[in-house]
Amino acid sequence: MDKRTTEKEAVAELRDGMTIGIGGWGSRRKPMSIVREILRTDLRDLTVVTYGGPDAGLLCATGRVARLVYGFVSLDSIPLEPHFRKARQAGSFRASELDEGMLQWGLYAAAQRLPFLPTRAGLGSDVLTINPELRLVRSPYDDAEELVAMPALELDAAFIHMNRADVHGNGQFLGPDPYFDDLYCMAAKRRFMSCEKIVDTADLAKSGSFHTLKIHRAMIDGVIEAPGGAHFTECPPDYDRDEAFQREYAATARDPDAWEAFRQKYLELGSEAEYQEAVRNR
Amino acid sequence: MSDFTRAEVCAVAVAEAFRGDGERLASSFGTVPAVGARLAKSTFEPDLLMTDGIASAITNVRPVSGGGGEPDVVEAWLPFRTIFDLLWNGRRHVMMVASQIDRYGNQNFACIGPHEKPKAQLLGMRGAPGNTISHRTSYWVPNHGPRVFVEKVDVVSGVGYDRARELGEASSRHHCIHRVVSNLGVFDFDTPDKTMRLASVHPGVSVDEVVEATGFELVVPAEVPESRAPSAEELRLIREVLDPEGLADKEVG
């Protein structure tokens, strides 16, 4: 099956109030071309599940987020995402802040179609007071240990970015870490994978060992070829993080005029192609 | 040799915190913890596992700046999923930074002020809740003062002894706050009610100075020893191998 589609078509499936998951980690291999497409729409009131980076920052800064489910929001070389910080301090969305491992556990529970998975993570901490909906569960065995029942984080849609993919939805990561991208896909009703390059299926195994073929086609509904799609986050070995661009983006959180200029220059454009051109010409 | 900086004393105190850990993942955040953990691995704890901060375990000890020295020797693949598995499995000792810490070792680096609308958003919960309930944890405070060592933290990210005790034996059996190293001294929880005790003061620091800089009542033994001074070999390792740029000095100020 040829599952090729576009950012526009994928994002057109979203509705206000939906829960979406965004793969990658911090400022690493984020499906940014899809985030940028969301910014071209009027979508609002989203619940966003993420190991957060500029995806969370941009969606928060543009008022798209009703609830953010996260353990952190970081730009890596800048430890705290400044647009996220600003939105947090304004109290502009509901902050479902979890332990990093709990986030994985919630995605894994949804991926396994389980209502929850037990974990010690969160016990004794204010994760349980910040998130009063979280409940405990007691082991039915003799130990009777009390654990956090991390509820499934079921997603309406998941978006991930890979280095290579074929048209059928097989995806390959060539960088150091698969992160939790497969779990986002398995936790979601609709699953979209952007990639640096679409290649013939037979060529996937030429780029890296079969261990790098982490995403298989039963996980994916749509494939989007998006060279530079993770910009300005890193996407090794295809490219490093664009640190200069990231610094420019981060600095706009302190200056409304600079933010407005950044929006006009990079975000209020008609297409991803125009964005990539604006980045090249800067 | 008696000529050493405060940051070097702190690095040695960090290294001492990792003493006895054996074949565990030593995770450190901040520059002084990075120097100290590497110092332990270079001297008395050669079996410590360490990562490159990305997704590899590195068997050789490299400068904290990441630059110079020999190339990384990768001994294992440790993507985040494996790190989570490993930390829940317990073979890890993490040294995190505390923006606030109380007498029971409850730590906050999530935010200052109410969580719904914080005055200052900090790092967030990150892995602190899971780390502290799963394996040995220590803290690094580069700026010891009453706004860091507080009566009550605004938000509990890392679980302290009072809260662990309330959870009961089954849930808290892997909880251990091992040491707190600050720019003024070293602290442990070797007291009957597991409240913070002054274990040693760094050379040049008085006990009164530490007590004044602490926003809660610290347990102070009758005799407070001085933190161990770096040996000549440790100073050589810090200055020539681990931190030739002196980044640790900048962190301590």
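Each value in this text was obtained by applying a stated rule to the coordinates, not by laboratory testing. Given the structure is predicted, the values throughout are model-derived calculations rather than measurements. Reconstructed Cβ throughout: ideal geometry from the backbone, glycine too, with neighbour counts over all protein chains shown.
A compact table of results
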| quantity | calculated |
| --- | --- |
| Most mobile listed residue (A:Leu75, A:Leu153, A:Leu14) in chain A, GNM with C-alpha springs under 10 Å | A:Leu14 |
| Residues B:Arg173, A:Arg164 arranged by fewest to most Cβ contacts within 10 Å | B:Arg173, A:Arg164 |
| Cross-link reach list, lysines versus A:Lys3, counting only Cα pairs under 18 Å and skipping chain neighbours closer than eight places | A:Lys189, A:Lys197, A:Lys214 |
| Number of partner chain Cβ atoms within 10 Å, mean per residue of A:91-101 | 6 |
| Cα centroid separation - segment A:74-107 against segment A:233-282, whole Å | 21 |
| Where GluC sites (Glu not before Pro) fall in DSSP loop in segment B:1-39, at most 10 other Cβ within 10 Å | B:Glu23 |
| Net charge contributed by nearby residues that have their C-beta within less than 12 Å of B:Ser56 (K/R +1, D/E -1) | -3 |
| Neighbourhood charge, 9 Å Cβ-Cβ cut-off, centred on A:Asp16 and excluding it, Lys, Arg +1 and Asp, Glu -1 | 0 |
| Normalised per residue, the volume of the convex hull around the Cα set of chain B (Å³) | 130 |
| Shape parameters for the protein assembly as shown, alpha-carbon atoms, Rg then Dmax in Å | 23.7, 77 |
| Distance in nm between pseudo-label sites at B:Glu169 and B:Glu151 (7 Å out along the Cβ direction from Cα) | 3.5 |
| Stretchable slack from A:Phe245 to A:Ala205, in nm (0.36 nm times residue separation minus alpha-carbon distance) | 11.1 nm |
| Cα centroid separation, segment B:2-75 to segment B:153-221 (Å) | 23 |
| Spherically averaged projected area in nm², based on the convex hull that wraps the Cα atoms of segment B:63-150 | 8.0 |
| Choice from A:Asp181, A:Asp99, A:Asp166 showing the highest fluctuation, given a GNM over chain A with Cα pairs closer than 10 Å | A:Asp99 |
| Radius of gyration and maximum dimension Dmax of segment A:190-282, Cα, Å | 16.5, 50 |
| Other protein chain Cβ atoms within 10 Å, averaged over every residue that makes up A:59-65 | 0 |
| Most fluctuating residue given options A:His168, A:His211, A:His83, as computed from a GNM of chain A linking Cα atoms under 10 Å | A:His211 |
| Relative contact order of chain A, defined on C-alpha pairs under 8 angstrom at six or more residues apart (%) | 21 |
| Rounded, prolate or oblate (a/c below 1.5 giving rounded, otherwise prolate when a/b exceeds b/c) for chain A by Cα gyration tensor | oblate |
| Peptide B:100-110 - average C-beta neighbours from other chains (10 Å radius) | 1 |
| Mean separation of Cα contacts under 8 Å (6+ apart) over length of segment B:6-244, as relative contact order % | 21 |
| Backbone HN-Hα couplings from phi across segment B:221-235 [Karplus 6.51/-1.76/1.60, Hz, Gly and Pro as x] | x, 4, 10, 10, x, 8, 4, 5, 6, x, 7, 4, 5, 5, 5 |
| Cα-centred dipole magnitude for chain B, charges only on beta-carbon of K, R (+1) and D, E (-1), debye, nearest 20 | 740 |
| Residues listed by number, segment B:40-58, amide nitrogen under 19 Å from B:Ala232 label point at 7 Å toward C-beta | B:43-44 |
| Evaluated at q = 0.13, 0.24 Å⁻¹: base-10 log I(q)/I(0), Debye formula over Cα of segment A:226-270 | -0.34, -0.88 |
| Rg/Rh (Cα only; Kirkwood hydrodynamic radius) as it applies to segment A:1-142 | 1.00 |
| When each of A:Lys30/A:Lys265; A:Lys8/A:Lys206; A:Lys8/A:Lys86; B:Lys119/B:Lys152 is checked by Cα-Cα distance, pairs over 24 Å | A:Lys8/A:Lys206; A:Lys8/A:Lys86 |
